[in-house]
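A quick write-up on the structure given underneath.
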Amino acid sequence: MHDRGAVTYTQETSLEQSCYDELTTCDIVVCIIGNKYGTQSSSGNYSITMQELLEAEKQKKKLYIFIVNDVYIENNIYIANKDTKDLKFNYADNIEIHKFIAEIREKIRNHPILAFDNVADVINMLKSQFAGLFQRLLTQEATLTEHKTYYDIVDMVKKMQESISLFAEEKESFFTKFQSSIFTSLPTINVIKRNMNMKYSSFYAPNKISLDEILNLFGFIKPEDIAATEEEYTYHKYNETNIEILTLKSKLFDKSGNLEDIRDKKLLDEYIKYYIKEYPKQEDTMDEEIPF
């Protein structure tokens with residue numbers, strides 16, 4: 001009934017398109033299908049009314065579909081014999097009506113498709129449906145009032161979203177600090193610290209490069225006369241009377257050079273070797289007697 005002025009028309013779009021655009025303002029769409037095909041849509045073989053229904057379904061509107069009873073019964077005959085050629089019908093003036101009804105009966109699953117004989121049937125069924133919707137709305141409103149108001153929930157969700165967003169922005173910093181606290185307590189680091197006589201201090205060395213730097217600061221260096229291998233890394237600390245030797249197996253690190261989280265004591269004893277080597281004692285020699 002677009003010609004009665006309830007549809008808002010604009011100069012930028014066609015009258016037909018204005019009917020489809022008007023659906024965006026609707027909360028509930030009631031579609032009544034009779035035996036007249038009506039005006040064909042410019043976009044296909046469907047009528048404008050049929051196209052409106054498809055558009056409403058696309059926009060996820062709540063639909064109530066009513067089909068005049070004679071056409072509804074006749075449509076069952078069409079569905080059972082739709083592969084038969086030259087079908088003729090007494091009520092529908094165009095076979096496209098039956099094609100469309102068959103399509104919506106197959107496609108639209110969660111909306112009622114009801115047959116009616118007169119206008120009173122449509123009114124009574126809608127009254128019953130609207131009463132049920134109203135009752136459900138009151139129940140939902142009472143539940144919200146009892147526990148939490150709608151606005152409180154929206155505010156809570158907004159705060160949660162802000163918190164999640166803030167966490168996402170700072171996650172790199174967070175995990176760097178978190179990772180630091182893990183690495184300082186790794187058994188691998190603890191064993192190395194014990195060998196370096198560190199009882200009360202701690203350090204952060206997540207990879208081989210940083211560990212090299214720490215060991216150098218404590219006087220452990222890689223001796224030039226020992227060739228480096230892919231199997232292990234050797235460090236010497238030269239003292240007045242001895243040499244402290246620390247050997248780290250390459251299995252302590254992953255392919256990127258980061259320390260592995262190894263907690264097996266036997267493996268740690270195998271991968272980390274520390275011992276002290278005393279300098280050889282020089283034999284006492286008597287100074288030769290000087291003849292003058």
Checklist entry - Roughly how many debye, to the nearest 20, is the charge dipole of segment 1-155 about its Cα centre, given +1 on each Lys and Arg Cβ, -1 on each Asp and Glu Cβ, and no other charges? => result 400 debye
Item to check | Placed amide H near F253: partners under 5 Å, 5+ positions off or other chain | outcome: E260
Checklist entry - Long-range amide H contacts for S41: which residues qualify at under 5 Å (H placed 1.01 Å from N, peptide plane, sequence gap of 5 or more or a different chain)? => result Y46, S47, I48
Checklist entry - Amide H to amide H, which residues 5 or more places from A115 or on other chains are under 5 Å from it, using H placed in the peptide plane? => result I67
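Expected output is a single nm value to one decimal: the length gained when fully extending between K193 and K107, i.e. 0.36 nm times separation in residues minus the C-alpha distance. What is it? The partial results should precede the final answer.
Values: separation 86, 0.36 × 86 = 30.96 nm, distance 7.10 nm.
Contour length minus the Cα-Cα distance gives 23.9 nm.
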Item to check | 0 to 90° range, to nearest 10: angle between helix 208-217 axis and the chain longest Cα axis | outcome: 30 degrees
Item to check | Accessible-area ranking of F89, F130, largest first, probe 1.4 Å | outcome: F130, F89
Next on the checklist: Could you tell me which residue out of L126, I104, I245 lies farthest along the dipole of the chain toward its positive end? Charges go on the beta carbon: Lys and Arg +1, Asp and Glu -1, centred on the Cα centre.
Outcome noted: L126
Checklist entry - How large is ³J(HN,Hα), in whole Hz, for each residue of segment 258-269 in order, when computed from phi with the Karplus curve 6.51 cos²θ - 1.76 cosθ + 1.60 and θ = phi - 60°, using x for Gly and Pro? => result 7, 5, 7, 8, 9, 10, 7, 4, 5, 5, 4, 5
Checklist entry - When the C-alpha atoms of segment 64-136 are aligned to their principal axes, what extent does each axis show, in angstrom, from largest down? => result 49, 25, 15
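Quote the charge dipole size of the chain about the Cα centre in Debye, to the nearest 20; the model charges only the Cβ of Lys and Arg (+1) and of Asp and Glu (-1). Spell out each step's value before the answer.
Numbers: 35 positive and 48 negative charges, 280 e Å.
Result for the chain is approximately 1340 debye, rounded to the nearest 20.
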Checklist entry - Just from its helices, what would the mean residue ellipticity at 222 nm be for the chain, if runs of 4 or more DSSP H residues each count -39500 (n - 2.57) and the sum is divided by every residue, rounded to the nearest 500 deg cm²/dmol? => result -15000 deg cm²/dmol
Item to check | Calculated FRET efficiency for the pair K158/E22, C-beta based, R₀ 30 Å, to 0.05 | outcome: 0.40
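Rounded, prolate or oblate: which fits segment 5-95 when a ≥ b ≥ c are the square roots of the eigenvalues of the alpha-carbon gyration tensor, with rounded for a/c under 1.5 and prolate only if a/b beats b/c? Provide the component values of the computation, followed by the final result.
Details: a/c = 2.53, a/b = 1.87, b/c = 1.35.
Prolate, since a/c reaches 1.5 and a/b exceeds b/c.
Just to confirm a number: summing +1 for Lys and Arg and -1 for Asp and Glu over residues other than H111 whose beta-carbon lies under 15 angstrom from that of H111, what do you get? Write out the running numbers ahead of the final one.
Numbers: positive: K58, K60, K61, K62, R105, K107, R109; negative: D27, E52, E55, E57, E103, E106.
Here the charged neighbours net out to +1.
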Checklist entry - How far is helix 150-183 tilted off the main Cα axis of the chain, in degrees rounded to 10, range 0 to 90? => result 20 degrees
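Taking all protein chains as present, what is the carbon and sulfur share of the accessible area of the chain, in % to the nearest whole number, probe 1.4 Å?
On the way: 11140 of 21420 Å².
Accessible surface attributable to carbon and sulfur in the chain totals 52 percent.
The values are calculated or read from the model by the stated rules, or taken from the named source; none is laboratory data. Not measured: the values here are computed from a predicted model. Glycine also receives a Cβ, built like all others from the backbone with ideal geometry; neighbour counts cover every protein chain displayed. Quick note on the areas: whole protein, heavy atoms, side chains included, nothing else; ligands and nucleic acids left out. Shrake-Rupley method; radii C 1.70, N 1.55, O 1.52, S 1.80 Å.
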